[in-house]
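What follows is one structure encoded as C-alpha cells, with my remarks underneath.
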Amino acid sequence: MSKTFTIHTLAVFIVLSVLISIIDVSLIAIKYELFSNGFLQPYSYTTVFDKLFYITSIFLFNIIILIPVSLLFYNIIHRSNSDKQNKLLTIYRVCFTLGTIVVLFLTAKYKILDYFGDTFNMAVAKNLGGGSFFASISYIKSELLVALFLAIPIFTIYKTGTLLIKKYPCNLKISSSRKSFAFYAIVFTLGLCLSFWSTSSQKYRYGFSKSISFNLYIKFLNEISDFDRDGVGEFSFPPDFASFNAKLYPGALDIPNNGIDEDGINGDFIINDENYAPLQVQPRKNNKHIVLIMLESVRADVLNTFINDKEVTPFFNELSKTGSNIEGVYSHTAFTTSSLKALFNGSFSSKEATEHSLLNRLKILGYSLSFFSGQAESFGEIASVTGMNSKGNYFFDASSAINDRLYASKELGSLRLSEERVVREFKKIASDIDWSKPQFIYINFQAAHFPYSYPDMPLKLPINILDRSDISLDNKKQLRETYLNAVANADSATEQVYDIIKSLNLLSQTAFYITADHGESLFDDGTLGHGTALNDYQTKIPFLTNVKGINLTNHLGQNKIAEVIIKSSSDTDKILRDVGQEHAVFQLIGDLSKPSLIGTVSKSFGRITLNLSSRIVHFENDNTWLPLKTALNTKKHQHQVEDIIYQWNLVRWQHYLDKTSHEINKD
C-alpha cells in the first residue's frame, strides 16, 4: 500500500521563490557589484546588515509576485490535466514552467544589458530600429535563434520529468489553509510598507529597482494609486506630488512662463532671451562646392591610430594636418536617425525641415543638392524629414540599388551598400554635374556599422576579421581590430571621393567636410553599440575639413555643424573662432519626453548626467554622485545642473511646438 504524502502548496511556492531569489540576487550582484563598491555605481551594500536587508527584501518581493502567479498557474494546469488525481504532476509542471520562464527571462535580460547597458528600454530599442521596435529585433536575431535551439533540451528535460512522475505515481494530498492567506497578507503588507518607504530612500530604491519582482509590484501599486490617471502613482519615484491633478506630475511637459511647475523640477520653466552665438564670421562673397562625408558609427579617437604599425586612417590624418580638425564635437543622442536630423535641421526635435535647415539655406544660396548613401535614408524618415529626397535633388541610397545590397534582408534597417558601390555611383554622376553652379554633395559610408564587416569587405589592416557570431567581451581585442578595419575602409573610400574631385580640377573650389552620426562602444564601457550611454565612446565624433583656419576650442553639438559648414565654405578665408559664452552640449538617451538619461558635456565642466528615474546627478570629472536636490542646493554645481534641466525643458517644448504645428498643417 503506497503512502500518502501531504504537500503544502504555499511551502512549495516559497521554496520556488527562494531559488529564484538566489538566482536574481546573484545576477544583480555580479552585474552591478552592489556588494563590493561597484565601478560607476552610486550606491553599494557592503555591511552585513545592508546585504541581509537587501537580500531579504528581494526575497519578499519575489514571494509577493510568485505566489499568486504560481496559484494561478496551478489552477490552470490542474484543470487542463487529464490525470487530475496525479497532483504531483501538476506541481511539477507549475514549478518547471515558472522556473524556466523566470530563468530564461533573467538570462535574456542580463545578456541584453551586457550588450546595451542599463539604460536599455523600449524607447532605446525603438531608436535602434529607426522608430520601430520590430526593426530593432534584427540586431539580435542571431541571439534569438540561439534561444530557439535552447528550447529543444529544455523541452526534453520537461518531458523526461513528466514521464518519470507518471511512471512512479505518488498519492499526494495538497494542503491549503487560512493560515496561507494570512501569511500572504502579512507579506503583501510588509512589501507595501517597504515600497512606500523606498520612495524616500534612494540608496535602497536603487538596488530594489534592479529586481523584476520589485518593478512589477511597484507597477501594480502605482496603477491602483494613480488617482488622476496621469501615469504616476503614490509609489513612483518621485511620487505624484499632485494626486488629483492630471496636469501636474513628475515628467509632465513644463509649459514656459506660466508660473506653474508642471513637472516638479526646479520651479517653472522660464525661457530667457539669451541668444547664444558661438560662431561669428563675415558674410560670404562666393560659394564653394561642399562635400559632406557622413561616417556611420565612427568615434573621434580613431584618428592617428595604428594596428601592427599600419595607419588606420591615413587620409583623415593628413586632412586634419593640412586643413582643420575641430575637436570636441558631440552627437546629442548617439542614434543615427536623430543625429542626422539634428545635423541637417539644427534640432533633434524637428518633425520636418524649416527655413533654417541646412538644405533650405543652401538652396537659398543657390546650391544644387545631390545625395549618395550606403543606407536606406527612408529608415526613420530621415530623407523626408531633412528634405534629402525633395523634388529637384539627385537622390541615391541603398533602396535605389536594392539588388546590390550586402545582405539578403530587404528591411530598411538592414539595407546597406558597400563603399565601392557608393563611390562608383558618385563617380558616374560626377561627370554629369554642372560644376559651374555651387554643388552640395552628401555621401554616407556604412562601413563601420555593426557587425563591422560584411561579405568580401576589403582587408585594409593586418588582422583577422571577427565573425558576427564570435562578437563578445571575450574577443574585445579582435573586435576592436575588426571595427578599425571597417573605419580604414571608410577612410579609403573618402580618399577616392577626394581624388574624383581632384581629377575634375575642383579641389581649390571645394570645401570638404568629414564627420560621423555617432560613436560606438566596443565593450570599452562594458557595452556594445551606441545610444545606450552618455560617454565619449558613443557620442564624441570626428569633424575634419580641408578648410584652414577653423579654431573652435569650445565643445560643439551636432546641431551646430551646419552653421560651421555654411560659414566656412566661402572662397574667402576667414578665421572661424568661438565668440561669446561657452554653451554646454545637451545630450539624452531614450525618448525625448521620458529619457533614461539627460546631461551636458562642456570643456569647462566635463560631462554631467542626470538620471530622471533615480534623480541622481553624476559629475564625471571627479566621479561624484549627488541627489538632484543636493546638487541644486550646492553652489559648486547649481548652475550646471540648472542648465541641464533648462536645455531639456527647452528641447521638449520645441518638440511639442513642432509636433503641434505639424499636426495642424496635416489637418
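When region 360-385 is examined, which residues are found to be within 25 Å of the chain's Cα centre (by Cα) and open to solvent by less than 30 Å² (accessible area, probe 1.4 Å)?
Looking only at region 360-385, we keep the residues that are within 25 Å of the chain's Cα centre (by Cα), and these are 373-385.
Once the filter is applied, which keeps residues that are within 25 Å of the chain's Cα centre (by Cα) and open to solvent by less than 30 Å² (accessible area, probe 1.4 Å), region 360-385 yields SER373, GLY374, GLN375, ALA376, GLU377, PHE379, GLY380, ILE382, ALA383, VAL385.
Residue count for region 604-645 satisfying the condition of being closer than 19 Å to GLY267 by Cα, of a type in the set (Lys, Arg) and in contact with a strand residue (DSSP E or B) (Cβ under 7 Å, 6 or more places away or on another chain): 1.
For LEU522, the criteria (1) touching a strand residue (DSSP E or B) at 6+ places or on another chain (Cβ under 6 Å); (2) open to solvent by less than 10 Å² (accessible area, probe 1.4 Å) hold in every case but one, which is (1). In the condition set (1) within 23 Å of THR333 (Cβ to Cβ); (2) open to solvent by 30 Å² or more (accessible area, probe 1.4 Å), MET388 is compliant with all but (2). Applying the condition of being aliphatic (A, V, I, L, M) and farther than 20 Å from PHE543 by Cβ to region 483-506 and asking which residue is most open to solvent (accessible area, probe 1.4 Å) yields LEU504. Give the residue that is modelled with the highest pLDDT, with candidates limited to residues of region 72-93 that are under 17 Å from LEU163 (Cα atoms) and charged (D, E, K, R). Only one residue fits best here, namely ARG93.
Can we say TYR407 is under 20 Å from THR494 (Cβ atoms) and open to solvent by 20 Å² or more (accessible area, probe 1.4 Å)?
On the way: under 20 Å from THR494 (Cβ atoms): no; open to solvent by 20 Å² or more (accessible area, probe 1.4 Å): yes.
When the stated conditions are applied, TYR407 does not pass them.
Among the criteria (1) of a type outside the set (Gly, Ala, Ser); (2) at positive phi; (3) open to solvent by less than 20 Å² (accessible area, probe 1.4 Å), the one ASP456 does not fulfil is (3).
Applying the set (1) part of a helix (DSSP H, G or I); (2) surrounded by 15 or more Cβ atoms within 10 Å (Cβ to Cβ); (3) touching a residue at least 24 places away in the same chain (Cβ under 8 Å) to HIS583 leaves exactly one unmet item: (1). When you check THR156 against the structure, is it of a type in the set (Val, Ile, Thr), surrounded by fewer than 18 Cβ atoms within 10 Å (Cβ to Cβ), over 30 Å from ALA376 (Cα atoms) and at pLDDT 70 or above, yes or no? Spelling it out, THR156 is indeed of a type in the set (Val, Ile, Thr), surrounded by fewer than 18 Cβ atoms within 10 Å (Cβ to Cβ), over 30 Å from ALA376 (Cα atoms) and at pLDDT 70 or above. Condition check for SER225 on (1) open to solvent by less than 20 Å² (accessible area, probe 1.4 Å); (2) within 16 Å of TYR54 (Cβ to Cβ): one failure, at (2).
Residues are listed down the side, and each one gets a yes or a no for (1) part of a helix (DSSP H, G or I); (2) among the aliphatic types (A, V, I, L, M); (3) over 30 Å from GLY590 (Cβ atoms):
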| position | (1), (2), (3) |
| --- | --- |
| ASN489 | yes, no, yes |
| SER492 | yes, no, yes |
| VAL497 | yes, yes, yes |
| THR553 | no, no, yes |
| ASN559 | yes, no, no |
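A quick yes/no check of all residues on (1) touching a Leu at 6+ places or on another chain (Cβ under 8 Å); (2) open to solvent by 20 Å² or more (accessible area, probe 1.4 Å); (3) not in a loop (DSSP other than H, G, I, E, B):
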{"site": "VAL18", "(1), (2), (3)": "no, yes, yes"}
{"site": "VAL25", "(1), (2), (3)": "no, no, yes"}
{"site": "ILE28", "(1), (2), (3)": "yes, no, yes"}
{"site": "PHE35", "(1), (2), (3)": "no, yes, no"}
{"site": "PRO42", "(1), (2), (3)": "no, yes, no"}
{"site": "TYR54", "(1), (2), (3)": "yes, no, yes"}
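Among the conditions (1) at pLDDT below 80; (2) part of a helix (DSSP H, G or I), ILE58 misses just one, which is (1). For region 323-338, the set of residues classified as more than 15 Å from ASP536 (Cα to Cα) and not in a loop (DSSP other than H, G, I, E, B) consists of SER324, ASN325, THR336, THR337, SER338, listed by residue number.
With a requirement of 3 or more residues that are of a type in the set (Ser, Thr, Tyr) and either farther than 26 Å from VAL25 by Cβ or at pLDDT 85 or above (or both), the helices (runs of 4 or more DSSP H) lying completely within region 163-246 that satisfy it span 212-225. Restricting attention to region 257-276, the residues being at pLDDT 90 or above and over 24 Å from SER613 (Cβ atoms) number 4.
Pick from region 306-322 the residues that are in a loop (DSSP other than H, G, I, E, B) and at pLDDT 95 or above: which of them is farthest from ILE465 (Cα to Cα)?
Per the stated criteria, the residue is THR313.
Residues considered: LEU295, LEU279. Of these, the only one that is under 29 Å from LEU343 (Cβ atoms), modelled with pLDDT under 95, in contact with a strand residue (DSSP E or B) (Cβ under 8 Å, 6 or more places away or on another chain) and of a type outside the set (D, E, K, R) is LEU279. Here ILE382 clears all of (1) modelled with pLDDT under 95; (2) touching a strand residue (DSSP E or B) at 6+ places or on another chain (Cβ under 8 Å); (3) among the aliphatic types (A, V, I, L, M) except the condition numbered (2). Only one of the numbered conditions (1) modelled with pLDDT of 90 or more; (2) in contact with an Asp or Glu (Cβ under 8 Å, 6 or more places away or on another chain) is not met by SER349, and that is (1).
Within region 1-10, being over 19 Å from PHE61 (Cβ atoms) and at pLDDT 60 or above holds for ILE7, HIS8, THR9.
The values are calculated or read from the model by the stated rules, or taken from the named source; none is laboratory data. Remember, it's a predicted structure, so these values are computed and weren't measured experimentally. Here Cβ is always computed from backbone atoms with ideal geometry, including for glycine, and neighbour counts include all displayed protein chains. What goes into the accessible areas is simple: the full protein's heavy atoms, side chains included, and nothing from ligands, DNA or RNA. Shrake-Rupley method; radii C 1.70, N 1.55, O 1.52, S 1.80 Å.
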